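Student: Sending over a structure as structure tokens; questions will come in a sec.
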Amino acid sequence: MKRFSIILLISLLVILLCVTSFSIAAEKVYKWRAVTHQLVGTARYEETVVPFCEMVEKASNGRLIIEPYGAGVLFPVFDSLDAVRDGVVQMAMVWSGYWAGKDPVFALAGGRPGDPISTFSENFYRSEKLAPLLSEVYSKYGVTSLGAFDFASTEILMSRVPIRTLEDFKGKNIRTGGLGASFYPLLGASAVSLSGPEIYTALQLGTVDAAEYNDWLVNKELGFHEVTKYVIEPCVHSGATDDKELIVNPAAWNELPDDLKNIVLVCRDMARYLSASAYDVESQKSKKSWVEDFGVEIINLPDADVKIARDLAAQVIVDFSKKGPNAEKYVEIYAEVLNDLGYSDLAEALGYGG
């Protein structure tokens, strides 16, 4: 991790030196606005979005200024893709799953049931392999994708009641999103759709028995530890994922000189590195607090049950891949990635080598 940091910093230094050599291009200042689905004040806003914008401005000697806006400040989060396309804002750092209704590839990019990937390195190996396809799909909707912006640790499944086996899922109401709506019914549970702010009250009042959402850190920031008695591991619906895709308005991006484009990409990579610390490391610290300070019990599902759940999840993905050629291609690449990373059983279940 230290070597990765040093390489990025050296790259940034090289770009800074190049910037100082510009005379004509340096005269123009570009001012952009960027939106994200994260709330101002949370770790996922303050520890990557803000530093990214600050790094871009500093590395460009003030030639590219990006002003960030948190969730819902300028317009609803679901309007972000269209806003970038139309030039209302020049950039967005938003989870691809919000556009699931536009294209099945966005649903798959948002999260894959049964995904065993949990580490930073595995996550970005998958992201880079799938980036060309995702970029192609984004271009169909009038925006340019610059790839994954940052890293999201595995979600946790918070529960009011003990769920110790797959049998215990039967009859439960579980808050989920994305393909979870197709996955949890296979376990005998009912999938409930709720926005983030609604989850606390739903757990508190028993409207839902369990809820999957963000990692230990973000969920603690939202107070969910106060209304949770158990956390079920692993959260078999979803593994680690890209918290945000970095998308830009094509015209605004093409207008930038090449050196500014390179600065944006290097600062994006630095934001990825920062997310490993800000989200993953801090999430593990928060996990300890959930258990030791608030008495939340961690329940580990039996390995055999996890295997069954992931086999069912694989079938959900296979069925979803039939929604179009791009979705099918996505699953093909994803299965190859899983095989590369040693998850051969799940890769085969998704059709790899068949």
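Student: Using +1 on the beta carbon of Lys and Arg, -1 on that of Asp and Glu, and nothing else charged, what's the dipole of segment 202-354 about the Cα centre, debye to 20?
Tutor: Working: 14 positive and 28 negative charges, 38 e Å.
For this selection, approximately 180 debye.
Student: What is the distance, in nm, between label points placed 7 Å from the Cα along the Cα-to-Cβ direction at Asn173 and at Glu233?
Tutor: Result: 2.9 nm between the two label points.
Student: Let me ask you something else. Could you check how much of the accessible area of the chain is carbon and sulfur, as a whole percent, using a 1.4 Å probe?
Tutor: Carbon-and-sulfur percentage of accessible area, whole number: 53.
Student: Using a/c under 1.5 as the rounded threshold, could you call segment 29-102 rounded, prolate or oblate? The axes a ≥ b ≥ c are square roots of the C-alpha gyration tensor eigenvalues, and prolate needs a/b larger than b/c, oblate otherwise.
Tutor: Working: a/c = 2.32, a/b = 1.42, b/c = 1.63.
Oblate shape, in that a/c is at least 1.5 and b/c is the bigger or equal ratio.
Student: Along the Cα-to-Cβ line of Asp345, 7 Å from the Cα, sits a label point; which residues in segment 296-325 have backbone N less than 14 Å from it?
Tutor: Answer for this model: 302-314.
Student: Still on this model: Name the residues whose placed amide hydrogens come within less than 5 Å of the amide hydrogen of Asp150, ignoring near sequence neighbours (fewer than 5 apart) on the same chain.
Tutor: Amide H neighbours of Asp150, under 5 Å, 5+ apart: Asp243, Lys244.
Student: Working with all protein chains in place, sort Val88, Val137 by solvent-accessible area computed with a 1.4 Å probe, largest first.
Tutor: The ordering from most to least exposed comes out as Val88, Val137.
Student: Sticking with this one: Karplus couplings for segment 60-68 from phi (6.51 cos²θ - 1.76 cosθ + 1.60, θ = phi - 60°), rounded to Hz, Gly and Pro as x?
Tutor: Along segment 60-68, the couplings run 8, 6, x, 7, 10, 10, 10, 9, x Hz.
Student: Let me ask you something else. If you roll a 1.4 Å probe over the heavy atoms of the protein chains, what accessible area per residue do you get for segment 174-301, in Å²?
Tutor: Per-residue value: 37 Å².
Student: May I pose another question? Find the relative contact order for the chain and round it to a whole percent, using C-alpha pairs within less than 8 Å whose residues are 6+ positions apart.
Tutor: 23 percent.
Student: Between segment 185-238 and segment 32-64, what is the separation of their alpha carbon centroids in Å?
Tutor: Cα centres, segment 185-238 to segment 32-64: 29 Å.
Student: Rounded to whole Hz and in sequence order, give me ³J(HN,Hα) for segment 166-179 from the Karplus expression 6.51 cos²θ - 1.76 cosθ + 1.60, θ = phi - 60°, writing x for Gly and Pro.
Tutor: Values, residue by residue: 4, 4, 6, 6, 4, x, 8, 9, 10, 6, 8, x, x, 6 Hz.
Student: Tell me which lysines have Cα within less than 18 Å of Lys329's Cα, excluding those fewer than 8 residues away on the same chain?
Tutor: Lys102, Lys129, Lys140
Student: Compute, for segment 111-169, the length of the dipole vector about the Cα centre, with Cβ point charges of +1 (Lys, Arg) and -1 (Asp, Glu) only. Units Debye, rounded to 20.
Tutor: The dipole magnitude comes to about 100 debye.
Student: Same structure again: In whole angstrom, how far apart do the alpha carbon centroids of segment 85-109 and segment 278-350 sit?
Tutor: Between the Cα centre of segment 85-109 and that of segment 278-350, the gap is 22 Å.
Student: Please list Thr119, Thr207 from largest to smallest accessible area, probe radius 1.4 Å, with all protein chains kept in place.
Tutor: Working: Thr119 55, Thr207 85 Å².
Reading off the accessible areas and sorting them downward yields Thr207, Thr119.
Student: Here is a further query. Accessible surface of Asp86 in the full protein assembly, 1.4 angstrom probe, to the nearest 10 Å²?
Tutor: Asp86 has an accessible surface of roughly 100 Å² with all protein chains in place.
Student: For Asn300 paired with Gln284, estimate the spin-label separation in nm (one decimal), with each label point 7 Å from Cα along the Cα-to-Cβ line.
Tutor: So the label points at Asn300 and Gln284 sit 1.6 nm apart.
Student: Shape of segment 92-168 from its Cα gyration tensor (a ≥ b ≥ c, root eigenvalues): rounded if a/c is under 1.5, otherwise prolate when a/b > b/c, or oblate?
Tutor: Prolate.
Student: Please list, in chain and number order, the residues 5+ apart from Val89 or on another chain whose amide H is under 5 Å from its amide H, with Hs placed from the backbone.
Tutor: Val84
Student: Still on this structure, please answer the following. Taking the Cα centre of the chain as origin, sum charge times position over the Cβ atoms of Lys and Arg (+1) and Asp and Glu (-1), and report the length of that vector in debye to the nearest 20.
Tutor: Details: 33 positive and 47 negative charges, 73 e Å.
The calculation lands at about 360 debye.
Student: Another question, if that's okay. Which whole-number percent is the relative contact order of segment 65-195 (Cα, under 8 Å, 6+ apart)?
Tutor: 18
Student: Could you give log10 I(q)/I(0) at q = 0.09, 0.11 Å⁻¹ for segment 138-265, computed by the Debye formula over C-alpha point scatterers of equal weight, without solvent?
Tutor: Those come out to -0.36, -0.50, one per q.
Student: Next question. Using the Cα centre of the chain as origin and beta-carbon charges of +1 (Lys, Arg) and -1 (Asp, Glu), tell me which of Thr119, His237, Val29 is placed farthest towards the positive end of the dipole.
Tutor: It is Val29, whose Cα lies furthest towards the positive end.
Student: Separate question: How high is the FRET efficiency from Lys31 to Tyr141, r the C-beta distance, R0 25 Å, rounded to 0.05?
Tutor: Efficiency computed from Cβ-Cβ geometry: 0.50.
Student: Also, I was wondering about something else. Within segment 257-301, list the residues whose amide N lies under 17 Å from a label point set 7 Å along Cα→Cβ of Val73.
Tutor: none
Student: Testing the spin-label approximation: label points 7 Å from Cα along Cα→Cβ at Ser190 and Glu226. State their distance in nm.
Tutor: Rounded to a tenth, the inter-label distance reads 2.7 nm.
Student: For segment 173-286, what relative contact order do you get, as a whole percent, if you take Cα pairs closer than 8 Å and at least 6 residues apart?
Tutor: 25
Student: So what's the angle, to the nearest 10 degrees on a 0 to 90 scale, between helix 120-140 and the longest Cα principal axis of the chain?
Tutor: 70
Student: On to the next question. Show the residues, 5+ positions off or on another chain, whose built amide H is closer than 5 Å to the amide H of Gly239.
Tutor: Arg112, Asp115
Student: Per residue of segment 325-339, in order, report the coupling 6.51 cos²θ - 1.76 cosθ + 1.60 (Karplus, θ = phi - 60°) as ³J(HN,Hα) in whole Hz, putting x for Gly and Pro.
Tutor: x, 5, 5, 5, 5, 4, 5, 4, 5, 4, 5, 5, 4, 4, 5
Student: What residue among Leu194, Leu130, Leu81 has the largest mean-square fluctuation in a Gaussian network model of the chain, using Cα springs under 10 Å?
Tutor: Leu194
Student: Still on this structure: Taking N as the number of residues in segment 240-286, what value does Rg over Cα atoms divided by 2.2 N^0.38 Å take?
Tutor: Normalised by 2.2 N^0.38 Å, the Cα Rg of segment 240-286 equals 1.49.
The values are calculated or read from the model by the stated rules, or taken from the named source; none is laboratory data. None of these values were measured; they are calculated from a predicted model. Cβ atoms come from the backbone with ideal geometry, glycine included; neighbour counts cover every protein chain shown. Just so you know, the surface numbers come from the protein's heavy atoms only, side chains and all, with ligands and any DNA or RNA stripped out. Shrake-Rupley method; radii C 1.70, N 1.55, O 1.52, S 1.80 Å.
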